[in-house]
Amino acid sequence: MARWTAGLAAWAAATGALAQPGLTRVDRLMYLGNPTCTGAKCHSGDPKMQGGQLIGDEFTIWTDSDPHAKAFKTLSNAASKAIASKLSIESAASSARCLSCHAADVPAGQRGERWALDQAVSCEACHGPAEKYLEPHAKAGWTAGQRKSLDVKGMREAHGLLDTSNLGLRATMCTACHLQIDKDLVDAGHPELQFEMGWYNEYLWNENYATHWTKPEGDPVSARLWAIGQMVSLDAARAQVESWRAKGWDASSAEGLVALYGKGAEVAKKHFGAGGVDALQTAAISAASAAAAAADLAGLAGSAANQQQREIVLFGVASLVFSCHDLNGTEPPDEFWDIYDGAMSAEGAAFGAQVQALAAMAK
């Protein structure tokens, strides 16, 4: 698969983020397995507030509520079997192509005694192999203390820890599986992929999913994630186009994503600053700037050529609306979800009108 294009590749090199599609993997260190994260005094006990976060019940929540916990299991359902059959794959549950995003499929030499494929998109799949950080990070405040002296690349090199508090790294890891895909998989029946980072978080917080992380108070995290996500998704979409072309596939649908993410990235730069991914981590974002971005993004509704692209616009506007209300300490109007649901099934001028109505709720 093609690697990321120049902009994100440079950022990835500076931060230590991996730049290829599929789950992020740290070489050489051992993946110890989900059971090493559990226990009453670890991540399956009673939560306690530490540094502004509730810590202690993350594994329990992940197991019960997080879709990533079921990622491996989906490889055995009827839809996955049908896709595998069309591609002459004997079993999706043992195919490296499928496992690259549905499980922490690391080399045999990095598999600890308690590691297993059916642990799916596991703790270590997103946070890195626990060999070096498992014991020290059990001490209260250890991770926060390491961040004072180590950047995201340093955390990975010193401890194998993928610091998902860095939103650029988080977005890079997410888009590697939630955006990039081979076209033959799509042609065989796999859903087309698009990704909107900000709304993924808001959706979980507002659709009765329990999350194993704490929503930060007073920070427009959804607007920040939307803006960073547009830039990271743009480069991921470009990489997908390059990959499809190199394999002789029609890349027109992937090119449409590049065009739309490019316009979204320009909106982000216009309202939140042109400094790129790192600058957006700490950029000042006000309710007024988020509202202005929502209005401009809603204006792109006419550029959305299909349902996949309409969702990118809709999800982004929704993210910005929620950020405005978070900053103001308010909730979106009661009719938000009715209009949102209407936009999900609308097309053409009706879609544009619904999205404009949502953007008007950003105040």
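Could you say whether any residue in the range 23-43 is at pLDDT below 80 and under 30 Å from residue 92 (Cα atoms)? Within the range 23-43 (the criterion being at pLDDT below 80 and under 30 Å from residue 92 (Cα atoms)), the answer is yes, since at least one residue qualifies. Does the range 290-307 include one or more residues that are farther than 30 Å from residue 185 by Cβ, polar (S, T, N, Q) and modelled with pLDDT under 95? Checked against the condition, which is being farther than 30 Å from residue 185 by Cβ, polar (S, T, N, Q) and modelled with pLDDT under 95, the range 290-307 yields no hits at all. Of all residues in the range 328-347, those that are under 12 Å from residue 360 (Cα atoms) have Cβ atoms under 6 Å from Cβ atoms of residues that are among the small types (Gly, Ala, Ser) and surrounded by 16 or more Cβ atoms within 10 Å (Cβ to Cβ), 6 or more apart or on another chain, in 339/357.
Any residue that is touching an Asp or Glu at 6+ places or on another chain (Cβ under 6 Å), part of a helix (DSSP H, G or I) and in the same structural domain as residue 121 (by TED's automatic domain parsing) - is there at least one of those in the range 60-72? Write out each step before concluding.
Initially, the range 60-72 is screened for residues touching an Asp or Glu at 6+ places or on another chain (Cβ under 6 Å), giving 72.
Add one more test, that the residue is part of a helix (DSSP H, G or I), and what stays is none.
Scanning the range 60-72 turns up no residue that is touching an Asp or Glu at 6+ places or on another chain (Cβ under 6 Å), part of a helix (DSSP H, G or I) and in the same structural domain as residue 121 (by TED's automatic domain parsing).
Could you name every one of the helices (runs of 4 or more DSSP H) located completely within the range 243-351 that has at least 1 residues being touching a Cys at 6+ places or on another chain (Cβ under 8 Å), crowded, with 16+ Cβ neighbours inside 10 Å and at negative phi? Before you say what the answer is, go through the steps one by one.
Working: elements: 252-272, 277-280, 287-298, 307-328, 336-345.
In the range 243-351, the matching helices (runs of 4 or more DSSP H) lie at 287-298.
The values are calculated or read from the model by the stated rules, or taken from the named source; none is laboratory data. What you see is a predicted model; the values in this text were computed from it and never measured. Please note: Cβ atoms are built from the backbone with ideal geometry, for glycine as well, and neighbour counts cover all protein chains shown.
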